[in-house]
Amino acid sequence: MKQQINLSEEWFYAATDPLIVIDDKGKIIQVNQAWEKACLKYNLSKEWTGIGSDYFQLSRQSGNQNEIRALLAVLNKEQFTVETKQHFPAKTGDYISLSFEAIPINFDASFPDYALLLQKPTSIHSVQAISAESVLESMTEGFFLIDHQFTLFYLNDVAERIVRCRREDVIGRNLWESFPSAKSIRPLYEGYELALKDKVEVEVETFFESLDTWFRVKAYPLAIGGLAVYFQDIGKQKQAEITLTQYAYFDDLTGLPNRRNLIQEGLSFKGQEKPFSMYFINLDNLKLINTLHDYNTGNQILKMVAEKLRAMAGEQHKVGRRDGDNFIYLRCEPDYANSSQFAEKILAVFEQPFKLGNFKTIKVTASIGIAHFPHDAETLDQLVANAETAMLEAKKLKGSSYAIFNPSINEKRTRRLLIEEELTKDLHESGFHFALQPQIDGNSGQLIGAEILSRWAHPVLGELSPLEFIEVAEQAGTIIPLTYHLLTEVFKKMKEWESRYGRHIKTAVNMTPSLLSCPTFFDILTEMMEQYGILPEWIEIEITEQAEMTYSEQTLENLLRCKANGISIAIDDFGTGFSMISYLTQFPVNKIKIDKCFVQEIGKCRKTEAVLKSLIHLAKSIECELIAEGVERPEEIDFLKNNGCTVYQGYLFDKPLTIEEFETKYLQENYQFSIEY
Ligand code: C2E
Ligand code: CA
Ligand code: CA
C-alpha cells in the first residue's frame, strides 16, 4: 500500500498554491483561499469553490472524463499522484485550461482518504497565455483549440473569418462534423492524429479545395491534452513560390525550359548513357528585327519559333531557350549519321516567313551547330561549347545553315579565347600598337589627314589582323578599353607633334557599334580630349554601315553630340552595307569613304563605274565630303578625279605606316606627291 501524506489545516489554508480536497465520491471537502482567488481571476462559477459541490459532476459537464478516471485511480490508491489537465468553463463562454497534481492525503487518522488537488504553478503560466484572449484575437493567424476527441473549445476571430463560420455554431462540436471536407484532407487528418498520439508538433502545408487556397497548419499538443492549432492562408505565398519555380526553370517569354532546366535535361540525357546530339540553334536576325520593328515583334517571333520547336520535340526530344536568340534541342542519336537530315528538318521551320498580326510577315533565318555526345565532348559544358562553336561556323554561311562540330573548329575557338584573354590584360604590354595611313589631297599632292589602324603582335599568336581581333573585342566587350587606350596613345602623339613640328594632323579613328551605343561614349571622349588639349577639328570618327546601328537612339545621340561639338563623322566602307541611303538621312554625316571594292573595279567593270559615278554625285548633292579608299593604281585616280572625288587613301601613296615612318616622311620631310593624271 502507498504512503499517504498528512497535512495540517494551518498549512492548507495558508498555502499560496490553489488547493482543493475531494473525497472518494468527488465531493469537495475543502478549498483554500488561493483556489478561491484563482476562480475569481479566471471567472469560474462559484460551484468550483463550494464545499459539498460534486467535483466529478462539474468535471463531467466540462468534458473532462479522463481527469475523473485519473482522480479515481488516486483515490482508490491504484496510483500515487497523477497529473491531470482539466478545462474549466469560464463565465465568458471561453474555456480555461489548468493543470493539477492529485495526491492522496489524510488530514487525520479518523478521516477517510481524500485527494488533494494541487494546481501546478507552471500551468498557471501557460493557462494565462492561452486565456489572454486579447493576444489570441489580435493574432494574424487563425487559431483554435481542440480536445483529444477533436471537440472544438476555442476559436479566434481570424479563424472564424478564414473558415467562414460562427463561433457559436462550432464550439463544443466535433471538428470533423463541423468541417467534413477537411477530414478528407489526409495530410491534415493524419497530422492531427500524430500530434495527439505522439505529443509532437506537426506542420502541414495543404490545399483546401473548399476555400480554394493553400494553408500552413501547425498543431501543438497541449499539456492539458488536445491540440492548439494555428493556421495561415499562404495562397499568395504559394502562388509566388510556384511562379518562382516556374521562373527558375522555365523561360518567361516562351514557357520553354530555361538554361538551368536545360542543364538538368542534358545531365539526364548524359545519365542514360546513350549517345545524343545537341543542336544549338541561333536566330540570325533577331537583333535586326528588334531594331527595324520593335521588341514586341521580336518577342512574337521568339514565341512562334518556340512553339514550332516544342511541337517538333514532342515527348521524345527536349528543347529549351538557352538565352536571347539561342535555343537548344536535344535528341537521342546513335551517331552523326542522320544529324544533317534532322538539322534540315529544324531549318524547315524557318523556310516560310513568320506571319504576324496586321498582315505583317517576317523572314527569319537560323544557324544550327551540332555536337554529339560522347563523340565530341566528355562533359556537358564542353558539349554546349562545341555545339555553339559549330553554330558560329554555320553563321558564316549565308541564310539558314547548319554545321557539324569538328576539332578544327575548336582550334579556331581556342585561338579566339587566346585573343579574348589577352585583350583583358594591359594592352601596352601585350604588344598592342597602331599604324597610320595617310590621306592625300589629289590637287595639292599633300597630306590632309590620316587614319589610325590598330596593330597587334600577340604574345602567343604573333601578328594579328585587326579584322580578326577587332571583331573579337567587339563581341567580348573589350573594344571600349581598347579604343580608349588607342586614343590615349594617339592624343599623346598629337601633342608631341604640335610642340615639335607645330602641326596638327586630322586623325580618323574607327568606332564600332558597341562604342557608339555606349551612353558614356561622348563624355569620356571629350574628357580625354580636354585632358590632352585636343581640338575637335583634329578628330574624325569613322562608322561602318551595320545593321545593328540603324535606329539606335543612343548612337544617334552620341553622333549628334560629336557633330555639334565639331568632330567630323565619316561613313566607312560606303556602298557595301545594305542601308546606305537611310544612313545618310539618319545620321549626321560629314564624309563618305568610298569602299575599295568599287575603286578596284575602275577600268574593269562599267556597271561599277556607273554606280561609282552616281555615288559621287549623291555625296556632292548632299554636300558630303568624299574620300576613296584602297587606291592602288594611277588610272583609279584618273577616273576618280574626273568624276569629282579628289581625296585618296591607299597603297598607291602609302601602306599603313609605323608612327616613326609617318613622322619622318610627313612631318619632318613634309612629303608631297606629284599627281599628274
Ligand atoms: P578599314 O577601316 O576599312 O581600314 C582600311 C583597311 O584597308 C586597312 O586594313 C588598310 O590596311 C587597308 N588598305 C589601305 N589601303 C589599301 C589598299 O590600297 N589596298 C588594299 N587592299 N587595302 C588597303 P587593316 O589595317 O587590316 O584594317 C582592317 C580593318 O580593321 C579596318 O578596315 C577597320 O575596319 C578595322 N580596324 C583597324 N583598326 C581598327 C581600330 O582601331 N578600331 C576599329 N574599330 N577597327 C579597326
Ligand atoms: Ca576605316
Ligand atoms: Ca574602309
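The values are calculated or read from the model by the stated rules, or taken from the named source; none is laboratory data. Only a predicted model underlies this, so the values are computations on that prediction, with no experimental measurement involved. When we count neighbours, we look across all protein chains shown, and the Cβ atoms used for this are built from the backbone with ideal geometry, even at glycine.
See the values below:
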item: Helices (runs of 4 or more DSSP H) enclosed by segment 228-303 - at least 1 residues per element that are surrounded by 15 or more Cβ atoms within 10 Å (Cβ to Cβ) and among the acidic types (Asp, Glu); result: 259-271
item: Pick from segment 501-519, criterion touching a helix residue (DSSP H, G or I) at 6+ places or on another chain (Cβ under 9 Å) and in a loop (DSSP other than H, G, I, E, B), ranking: farthest from ILE480 (Cα to Cα); result: ARG503
item: In segment 545-584, the residues that are part of a helix (DSSP H, G or I), more than 16 Å from ligand 3 (Cβ to nearest atom) and modelled with pLDDT under 75; result: ALA547, GLU548, ILE581, SER582
item: Residues within segment 597-615 that are under 15 Å from PHE574 (Cβ atoms), of a type outside the set (Phe, Trp, Tyr) and buried (at least 20 other Cβ atoms within 10 Å of the Cβ), tallied; result: 3
item: Every pair of residues 6+ apart whose Cβ atoms lie under 9 Å, when the first sits in segment 215-237 and is farther than 20 Å from GLY63 by Cβ while the second is outside any strand (DSSP E or B) and aromatic (Phe, Trp, Tyr); result: VAL217/TYR192
item: Candidates GLU629, GLU635 - the one that is in the same structural domain as ASP573 (by TED's automatic domain parsing), within 16 Å of ligand 1 (Cβ to nearest atom) and surrounded by 20 or more Cβ atoms within 10 Å (Cβ to Cβ); result: GLU629
item: Residue check for ILE452: more than 16 Å from ligand 3 (Cβ to nearest atom), in the same structural domain as PRO656 (by TED's automatic domain parsing) and closer than 16 Å to GLU542 by Cα; result: no
item: Number of the condition not met by GLU537 [criteria: (1) within 16 Å of ligand 2 (Cβ to nearest atom); (2) acidic (Asp, Glu); (3) surrounded by fewer than 15 Cβ atoms within 10 Å (Cβ to Cβ)]; result: (1)
item: Residues located in segment 427-447, provided they are modelled with pLDDT of 90 or more and away from ligand 1 (no atom under 16 Å from the Cβ); result: ASP441, ASN443, SER444, GLY445, GLN446
item: Condition met for THR414 (among the hydroxyl-bearing types (Ser, Thr, Tyr), under 14 Å from ASN282 (Cβ atoms), under 30 Å from the mean Cα position of the chain (by Cα) and in a helix (DSSP H, G or I)); result: no
item: Selection from segment 460-472 of residues that are crowded, with 17+ Cβ neighbours inside 10 Å and near ligand 1 (Cβ under 8 Å from one of its atoms); result: ILE470
item: Filter result for LEU525 (in a helix (DSSP H, G or I) and under 31 Å from the mean Cα position of the chain (by Cα)); result: no
item: Filter result (at pLDDT 75 or above and of a type in the set (Phe, Trp, Tyr)) within segment 57-94; result: PHE88
item: Residue, farthest from ILE567 (Cα to Cα), within segment 639-665, restricted to residues that are away from ligand 1 (no atom under 16 Å from the Cβ) and not basic (Lys, Arg); result: ASN642
item: Cross-chain or 6+ apart pairs with Cβ under 8 Å, segment 590-611 first and hydroxyl-bearing (Ser, Thr, Tyr), then within 16 Å of ligand 3 (Cβ to nearest atom) and assigned to a loop (DSSP other than H, G, I, E, B); result: THR608/GLU601
item: In segment 324-341, the residues that are assigned to a helix (DSSP H, G or I) and in contact (Cβ under 8 Å) with a residue 24 or more places away in the chain; result: TYR336, SER339, SER340
item: So ARG310, is it in contact with a Leu (Cβ under 8 Å, 6 or more places away or on another chain) and either part of a strand (DSSP E or B) or of a type in the set (Val, Ile, Thr) (or both); result: no
item: Search result, residues across segment 342-354 that are of a type in the set (Asp, Glu) and part of a helix (DSSP H, G or I); result: GLU344
item: Scan of segment 153-192 for residues that are over 18 Å from VAL204 (Cα atoms), outside any helix (DSSP H, G or I) and of a type in the set (S, T, N, Q), ordered by number; result: ASN156, ASN174
item: Hits in segment 370-398 (condition: outside any helix (DSSP H, G or I) and touching a residue at least 40 places away in the same chain (Cβ under 8 Å)); result: ILE370, ALA371, HIS372, PHE373, PRO374, HIS375
item: Residues (part of a strand (DSSP E or B) and within 41 Å of the chain's Cα centre (by Cα)) located in segment 212-227; result: THR213, TRP214, PHE215, ARG216, VAL217, LYS218, ALA219, TYR220
item: Odd one out for SER367, checked against (1) in contact (Cβ under 8 Å) with a residue 40 or more places away in the chain; (2) over 16 Å from ASP284 (Cβ atoms); result: (2)
item: Hits in segment 401-426 (condition: among the small types (Gly, Ala, Ser) and at pLDDT below 90); result: SER408
item: Single residue of LYS596, LYS620, LYS591, LYS604 found to be in the same structural domain as GLY644 (by TED's automatic domain parsing) and over 25 Å from PRO438 (Cα atoms); result: LYS604
item: Flag for PHE653 being under 16 Å from ASP441 (Cβ atoms) and out of contact with any Cys (no Cβ under 9 Å at 6 or more places or on another chain); result: yes
item: Failed criterion for LEU535 (all others in (1) modelled with pLDDT under 85; (2) more than 12 Å from ligand 1 (Cβ to nearest atom) hold); result: (1)
item: Of the criteria (1) in contact with a strand residue (DSSP E or B) (Cβ under 8 Å, 6 or more places away or on another chain); (2) surrounded by 15 or more Cβ atoms within 10 Å (Cβ to Cβ); (3) not basic (Lys, Arg), which one LEU397 fails; result: (2)
